[in-house]
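Right, one structure below, let's go through it.
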Amino acid sequence: MVYSKEIGFRTAKRSCWFDLTRQVAALAVSSGIENGLCVISSLHTTGGVTLNENADPDVELDFFYKLDKIFDRDPAFQHIEGNSDSHIKTSLVGLSATVPLRNSKLVLGTWQSIYFCEFDGPRNRQVNVTIIG
Amino acid sequence: MVYSKEIGFRTAKRSCWFDLTRQVAALAVSSGIENGLCVISSLHTTGGVTLNENADPDVELDFFYKLDKIFDRDPAFQHIEGNSDSHIKTSLVGLSATVPLRNSKLVLGTWQSIYFCEFDGPRNRQVNVTIIG
Amino acid sequence: MVYSKEIGFRTAKRSCWFDLTRQVAALAVSSGIENGLCVISSLHTTGGVTLNENADPDVELDFFYKLDKIFDRDPAFQHIEGNSDSHIKTSLVGLSATVPLRNSKLVLGTWQSIYFCEFDGPRNRQVNVTIIG
């Protein structure tokens with residue numbers, strides 16, 4: 001069985017997380033698939049998908065502070081859109097997350113949430129959620 | 001068919017690899033699934049999963065030397081637990097690895113092993129192994 | 001249903017992308033699987049797989065310029081082959097990409113292509129493409 005659907009949303013800043021956990025968990029229930037894999041995929045090249053801390057919002061601040069400091073908007077970049085740093089960070093964080101599904105629930109650790117990782121917002125964004133089982 | 005199981009283990013240092021290859025290969029055989037995909041997922045936010053060199057142990061040393069140097073414990077970090085560097089490195093390395101399964105064997109390159117990537121040990125850790133086919 | 005096949009190719013430089021999109025899309029059609037997931041896996045430890053910009057070739061230049069600058073060939077590295085930088089970048093970019101399949105077509109964003117990410121070329125390389133649905 002395969003279930004596939006897009007989720008649309010708008011991010012608020014140039015660099016931020018957008019929490020997708022509840023929407024993905026709801027789709028997993030809607031899918032009717034009990035056991036398998038759930039893949040959340042960014043359809044963009046300047047924003048990725050990852051899992052990270054869901055408790056202290058300072059982790060998000062530190063995450064982008066450090067990534068934006070190391071992968072800065074280097075004046076030597078050639079790409080005319082001026083967002084090569086966003087393309088680089090997106091490939092490093094990765095374009096998708098794969099989460100196991102057991103008894104219609106996402107198998108996530110206690111501290112894990114699913115985040116769209118915005119590196120060039122604010123923008124309208126879309127992820128695909130595919131569930132197979 | 002879907003098979004899913006957790007593996008528990010303890011890591012030895014703050015930054016190190018923990019080789020999961022043999023245990024995952026054994027689960028693949030136990031699963032009875034011959035062809036498909038095997039996903040190894042970290043259930044944490046300060047340790048990920050990757051594939052890397054299985055021959056020269058100096059690769060592991062160089063790997064953590066460089067990552068710990070670049071993504072250091074920056075005094076500017078806000079997160080009170082003091083391990084924001086671990087959260088960052090985990091999202092960069094990624095939370096899971098997906099390995100094809102063919103004739104009950106993991107399709108890995110000659111030099112590839114499956115590693116849990118510890119960035120905030122020593123700790124008790126858990127990965128989920130889900131096999132679908 | 002599971003379909004699995006290797007693709008072989010030769011990369012041209014030490015650091016470059018090799019576009020796999022067309023070959024993977026053709027395999028998806030050949031597989032006869034209409035809906036599911038397509039996983040493209042590097043079988044190496046000094047080259048990964050990612051999705052990124054397919055329009056302006058300057059993104060590729062900026063991508064490798066910055067990664068090679070930050071993850072340089074550090075004189076402190078111990079690994080005798082002298083390519084620890086390649087091992088590090090490979091684990092950061094990731095070993096595989098997972099792309100949804102819908103009506104026999106890869107679900108990719110407008111600007112996304114599938115790239116093998118070479119970090120230690122020129123070399124003969126191989127990826128595994130596994131499609132499940």
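Quick note: the coordinates plus some simple rules give every number you see, no bench work behind them. A quick note: this is a predicted structure, and the numbers were derived from the prediction, not measured. Note: ideal-geometry Cβ built from the backbone for every residue, glycine included; neighbour counts use all protein chains shown.
At a glance:
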item	result
Label distances, nm, residue C:103 versus same residue in remaining copies, Cβ-directed 7 Å point	3.8, 3.8
Selected from C:40, C:88, C:80 as most flexible by GNM, with chain C as the system and alpha-carbon contacts under 10 Å	C:80
Label 7 Å beyond Cα on the Cβ vector: residue B:56 copy-to-copy distances, nm	3.8, 3.8
Most mobile of A:60, A:81, A:118 in a GNM of chain A (Cα contacts under 10 Å)	A:81
Inter-copy separations for residue C:14, label at 7 Å along Cα-Cβ, nm, ascending	3.1, 3.1
Length released on extending from residue C:105 to residue C:68, taking residue separation times 0.36 nm less the Cα-Cα span	9.9 nm
Tensor-based shape of the protein assembly as shown (alpha-carbon gyration tensor, a/c under 1.5 rounded, otherwise prolate or oblate)	rounded
Degrees separating the helix C:21-31 axis from the principal Cα axis of chain C, which is the longest one	40 degrees
MRE, 222 nm, helices only [DSSP H, n ≥ 4, -39500 (n - 2.57), over chain A, to nearest 500]	-8000 deg cm²/dmol
For residue C:78, residues with placed amide H under 5 Å, excluding near neighbours	B:62
Neighbouring partner chain Cβ atoms per residue of C:74-81, average, 10 Å criterion	5
Separation of alpha-carbon centers, the range A:30-62 and the range B:47-76, rounded to whole Å	24 Å
Degrees, to the nearest 10: B:58-70 long Cα axis against longest axis of chain B	40 degrees
Acute angle (nearest 10 degrees) that the helix B:84-93 long axis makes with the longest principal axis of chain B, alpha-carbon atoms	30 degrees
Residue pairs, from the table B:13/B:66; A:66/B:13; C:5/C:105; C:5/C:89; B:13/B:89; A:69/B:89, whose Cα atoms sit over 19 Å apart	A:66/B:13; C:5/C:89
Where only C-alpha atoms are counted, convex hull volume of chain A per residue in Å³	97 Å³
Residue-wise HN-Hα coupling along the range A:97-109, computed from phi with Karplus coefficients 6.51, -1.76, 1.60 (Hz; x: Gly, Pro)	10, 10, 10, x, 10, 9, 6, 6, 10, 5, 8, 10, x
